[in-house]
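What follows is a set of notes on a single structure, which appears directly below.
All of the numbers you see were taken from the coordinates with simple rules; none came from a lab. None of the values given here were measured: they were computed from a predicted structure. Quick reminder, even Gly has a Cβ in these numbers, built from the backbone with ideal geometry, and neighbours come from all protein chains shown.
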Ligand code: PTJ
């Protein structure tokens with residue numbers, strides 16, 4: 001049995017690591033079509049390593065963070081979903097679906113601004129049904145002075161005015177800069193001790209390919225909840241404690257694997 005999702009790389013459907021290989025090849029294919037930066041392959045590999053140590057499952061700790069993240073997005077005045085190459089290549093449909101449910105626009109914001117990448121990402125998001133995408137018009141961009149990377153160029157109607165910014169698969173600098181100018185940050189990062197994870201207000205330690213469907217499920221449930229309930233969920237959440245629990249998951253999983261060798 002073989003899959004036909006990638007013409008050059010035939011992954012047998014009964015391969016024990018089929019899912020992982022499928023996403024790996026989406027990233028490779030994304031790089032060929034300019035959606036993903038070359039460095040995105042390395043970032044993905046780093047993520048895979050942490051996912052292994054987490055048992056490749058969305059655990060209860062991540063689910064708690066997801067619930068708080070959705071509550072924060074639903075209570076925001078101007079929530080924005082920041083889209084980079086890896087996320088667009090891995091889960092364009094889920095980005096668009098979440099954006100519609102929580103009524104938060106998608107803004108393309110890249111670290112590596114190679115020519116043609118914004119267009120390629122725009123096309124994949126539009127193909128997934130996105131109607132409005134921010135971050136497309138380079139001439140109308142404004143700068144976030146606290147940030148020196150390319151990510152400083154943001155849409156005046158998007159990240160610039162947002163109170164809550166959702167940043168899946170992020171590099172540390174921007175999270176720190178956005179926090180300094182008073183934004184609330186929600187991150188998805190498989191590395192619980194990355195700078196982004198430590199700086200964010202809510203860190204979802206999970207693979208984006210599992211976290212987004214779970215966020216969509218919870219958003220559908222919480223969409224009509226009253227504000228008091230949502231605020232309660234946000235106030236009960238403690239990000240530092242949640243990160244500690246994620247680290248415990250890694251320790252427990254590693255110990256379990258160690259025991260198997262005894
Ligand atoms: O598309 P661009 O130009 O905006 O660039 C995007 C990348 C990802 C290349 C850029 O932001 C980057 O270099 O990021 P870093 O500093 O490598 O950080 C990426 C983080 O995402 C790391 O902590 C990884 O562990 C984590 N990560 C990688 N893949 C996944 C992930 N987290 C969740 N789900 C994943 N699938």
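Taking a ≥ b ≥ c as the square roots of the eigenvalues of the Cα gyration tensor of region 1-141, is the shape rounded (a/c under 1.5), prolate (a/b larger than b/c) or oblate?
Values: a/c = 1.89, a/b = 1.20, b/c = 1.57.
Oblate.
So what's region 211-255 giving for Cα Rg divided by 2.2 N^0.38 Å, two decimals? Display every interim value, and only then the final one.
Details: Rg = 14.2 Å, N = 45, 2.2 N^0.38 = 9.3 Å.
In units of the 2.2 N^0.38 Å rule of thumb, it is 1.52.
Would region 141-262 count as rounded, prolate or oblate if I go by the C-alpha gyration tensor, calling it rounded below 1.5 in a/c and otherwise prolate when a/b exceeds b/c, oblate otherwise?
It is oblate, given that a/c is not under 1.5 and a/b is not larger than b/c.
Calculate how many DSSP beta bridges within the chain are antiparallel, expressed in % of all such bridges and rounded to the nearest 5.
If we restrict to bridges inside the chain, about 10 percent are antiparallel.
Using only Cα atoms, locate the centre of region 210-262 and the centre of region 130-199, then give the distance between them in Å, rounded to an integer.
22 Å
Which order do peptides 142-150, 174-182 fall in by mean Cβ count within 10 Å, highest first?
Result, highest mean Cβ count within 10 Å first: 174-182, 142-150.
State the dimensionless ratio Rg/Rh of the chain (Rg: radius of gyration of Cα atoms; Rh: Kirkwood radius).
Numbers: Rg = 18.1 Å, Rh = 18.9 Å.
Rg/Rh: 0.96.
Report the paramagnetic label zone for residue 138: residues of region 102-118 whose backbone N is under 19 Å from a point 7 Å from Cα along the Cα-to-Cβ axis.
107-118
Over the chain, what relative contact order in percent results from Cα pairs under 8 Å that are six or more residues apart?
Dividing the mean separation by the residue count of the chain yields 22 percent.
What ranking of 25, 44 emerges when the number of other C-beta atoms within 10 Å of each C-beta is taken as an exposure proxy, fewest first? Mind dumping the intermediate values first?
Values: 25 17, 44 23.
Result, fewest neighbours first: 25, 44.
Using a Gaussian network for the chain with springs between C-alpha atoms less than 10 Å apart, which of these wobbles most: 233, 27, 186?
With Cα springs under 10 Å in the chain, the top fluctuation among 233, 27, 186 is at 233.
From the C-alpha gyration tensor of region 6-53, pull out the three semi-axes of the equivalent ellipsoid (sqrt of 5λ each), sorted largest to smallest, in whole Å.
So the equivalent ellipsoid measures 18, 17, 5 Å along its semi-axes.
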